[in-house]
Amino acid sequence: MTNNSVDRLHVKYRLKLKRIVIKITLLTVVTFSVFILSLSVGSVHISFIDVLLALLSKLGIVNYDLGSLGKVVLGIRFSRTMVAILVGSSLAVSGVLIQTTTRNPLAEPFLLGLSSGALMFLCISLIIFPKIHMSSAAIMLISFAGALTALLVTMTISEFLGGTPLSLILAGIAVSAMFAGVSQLLAFIVQFKLNIPFLILLLGSFSNIVLTHVFIVSTSFTVGFIIALVISKKLNTLIFGDEHASQLGYNPKVLRYIAILTTSFLTGVAVSVSGLIGFIGLVVPHISRLIVGNDHRVLIPSSALIGGSLLCFSDVIVRYFSIQLRLGELPVGALMSIIGAPFFIYLLLKKMRG
Amino acid sequence: MVKIKISNLSFNYDSVQALKDVSVEFREGEIVGIIGPNGAGKTTLLKCIAKLLKPHKGVIYLNGRKLWSISNKELAKILAHTLFEVPKGFNLTVLDFLLTSRYPYSKGLWETEEDLAVVEEALTMVNAKHLVERKMEELSDGELQRIIMAKLIAHQAKILLVDEPTVHLDLKYQLEVLSILRRISKTKNILTVMTMHDLRLASIFSDKLVLLHEGKIIAIGKPQDVLTEENIAKTYGVKVKILKHPKAGLIIIPLSTL
């Protein structure tokens, strides 16, 4: 036994937790900064100071008039920024949940077909009942059902392929390709027969965001995030196998169902407003693990913050270049693929070599 | 007080019968070695006792209560086992793993100082404190076995089910791990049930051996009564010569296959 108190495990552990609290605080500051940056950048530039003063006056803390143009621009940009952050957070939390429940570091909602499943269900429903476009609840429910269906199909095929980590990914890519193909055909019908702008969803974009979308995604994120936090401690046992979780008093099957439903809900609703955005659910959990470690009680909140700021920042970059190059709206989904796919290849290489 | 009573237990994997009419009793303070050739049903029996597999016939009683009437939550404080996996690519650490063994006792969201003290003591007991920050997937087989022992200690259960504690280990680590297991069983009056491949080690470290063959119990009892030339020929299909050594226990010399 050592007398050196610094060497005691509980002292070390408290220190580690303190560091994690600091890291999460910093991540919150980063997210808020990206939020301000996103409100500022666009065809009409609004300075950081103006953005801050306008926000504070909205909260009734100061009295500041941005002018009518500024107000309109800020209003539109606010919706877009909020949705970008919430979608990024939703996809990142989905990524953590699906990676842990499948115990597969390559798993990701887009790669497993959830995103294209949600989009396909939306297209089909809109073609059959165009009126549901008006109902946020219907949109949420349908995209949730689509994502869940795709995930179940992928998992079933993977079982037939032997249930290995790679078979899950291969099954996911196949299911994803099929559902995306159907979505591509149907999106044309939705766009040109029903005059609902849907083609852009195939590329993943925040260019058509309105305030309603903020309500939709903030509802789904709040629900999904709370559930994820509630099961976060139990997920620490599930990652070591069903038998391990079970001996510690949990029901691994129930835990897995909850995680799968939550992932499908978060991803499905995110897709219904922003379209297909891939790889964020893959990249963010890994970055997050490097920063705070594997404890889901902190991994989930930190992934939400990193996912939100990463996707929102990518949207700022996309917006900036769209204006500079005068190309209309570039899709943010493309940028995420350009960043995410090489990372996926890196993980694959590690997996195949190890 | 801890007592396990298994009566007329049968278990099938689809159409393959893995356990047939198994009846046996274990009590606290005992180290029970389950032996038998590959596919005899050793791990299946362990999983049935761990409430991981539901038997098709027969009942397991834990202190007089039916095992399947005890909730997972309650069982978590009584019974610990070593069946787990370490998925690659997550960089899971030894501490991540060991802290989960305290979950059955925790009431709040976070670990208490006591939880960490228990984990620290367990690591000290197996001489593995320096491994606490290491990644599970990078441990050697010997280090991993010691961490598993630390997990069993930190779990503070009254029944330990240990699957193949010495497999893949060098001679030194085999003895080390079994000595740790013996020490925790005897000092804390715990019931330990372990599956074993190595008959000589099983004979030294077990108080009682259960010899399984094709899902049936062939012999139960003290090592010298179970490990007879006749029993080994019948189950393993090998002709052996058994010598008794005052210190090293039974020495089993394989002569030829039958």
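Across the protein assembly as shown, Cα-Cα distances exceeding 33 Å account for 54% of all pairs.
Peptide B:95-104: average number of partner chain Cβ atoms within 10 Å per residue?
On the way: counts 7, 6, 6, 1, 5, 11, 4, 1, 8, 4.
Average neighbour count from other chains, rounded to a whole number: 5.
Our helix-only sum for chain B, with -39,500 (n - 2.57) per DSSP H run of n ≥ 4 divided by its residues, gives a mean residue ellipticity at 222 nm of -9000 deg cm²/dmol.
Every helix of 4 or more DSSP H residues in chain A counts as -39500 (n - 2.57), and over all residues that averages to -26500 deg cm²/dmol at 222 nm.
Look at the dipole of the protein assembly as shown built from charges on Cβ: of B:I60, B:V238, B:S106, the Cα furthest out on the positive end belongs to B:I60.
When you filter the GluC sites (Glu not before Pro) in region B:127-207 for DSSP loop state and at most 12 other Cβ atoms inside 10 Å of their Cβ, you are left with B:E133.
Quote to one decimal, in nm, the extra length available between B:E74 and B:D225 on full extension: 0.36 nm per residue of separation minus the C-alpha distance between them. Could you put the intermediate results ahead of the total?
Numbers: separation 151, 0.36 × 151 = 54.36 nm, distance 3.65 nm.
Once the chain is fully extended between B:E74 and B:D225, it gains 50.7 nm.
Per-residue counts of other Cβ atoms within 10 Å, averaged by peptide: what ranking do you get for A:324-334, A:256-266, highest first?
A:256-266, A:324-334
The trypsin sites (Lys or Arg not before Pro) of region A:49-128 include none that DSSP puts in a loop with a beta carbon having at most 14 other beta carbons within 10 Å.
Mean partner shielding of peptide A:232-245, defined as the number of other chain Cβ atoms within 10 Å of each residue Cβ, is 5. Derived scalar couplings between HN and Hα for region B:87-97 equal x, 7, x, 10, 6, 5, 9, 4, 5, 3, 5 Hz in order, rounded to whole Hz, by the Karplus curve 6.51 cos²θ - 1.76 cosθ + 1.60 (θ = phi - 60°), x for Gly and Pro.
Quick one: order A:F225, A:F192 by neighbouring beta-carbon count within 10 Å, fewest to most.
On the way: A:F225 19, A:F192 11.
Starting with the residue having the fewest Cβ neighbours, the order is A:F192, A:F225.
The distance linking region A:183-254 with region B:31-100 is 34 Å (Cα centroid to Cα centroid, whole angstrom).
The modelled label-to-label distance for the pair A:H133/A:I345, using points 7 Å beyond Cα in the direction of Cβ, is 4.0 nm.
Roughly how crowded by other chains is peptide B:114-124, in terms of the mean Cβ count from those chains within 10 Å of each of its Cβ atoms?
Values: counts 1, 3, 7, 3, 1, 3, 7, 2, 0, 1, 3.
The per-residue average across the peptide is 3.
Between A:L69 and B:K239, the modelled labels are 10.3 nm apart [label points 7 Å from Cα along Cα→Cβ].
If R0 is taken as 41 Å, the Cβ-Cβ distance between A:K193 and A:K58 corresponds to a FRET efficiency of 0.55. With neighbours defined as other Cβ atoms within 10 Å of a residue's Cβ, the residues B:E120, B:E113 order from fewest to most as B:E113, B:E120.
The share of alpha-carbon pairs in chain A lying farther apart than 32 Å comes to 33%.
As a proxy for reagent exposure, ranking A:V182, A:V51, A:V284, B:V22 by other Cβ atoms within 10 Å from fewest up yields A:V182, A:V51, B:V22, A:V284.
What is the calculated FRET efficiency for A:V29 to B:K129, with r their C-beta to C-beta distance and R₀ = 41 Å, to the nearest 0.05?
0.65
Can you check what the net charge comes to around B:P37, using other residues whose Cβ is under 11 Å from the Cβ of B:P37 (Lys, Arg +1; Asp, Glu -1)? Surrounding charge for B:P37 is +1.
Read the figures in this text as sums done on the coordinates, not as results from a lab. What you see is a predicted model, and the numbers here were worked out from it, not measured in a lab. Positions of Cβ are backbone-derived with ideal geometry, glycine not excepted, and every protein chain shown enters the neighbour counts.
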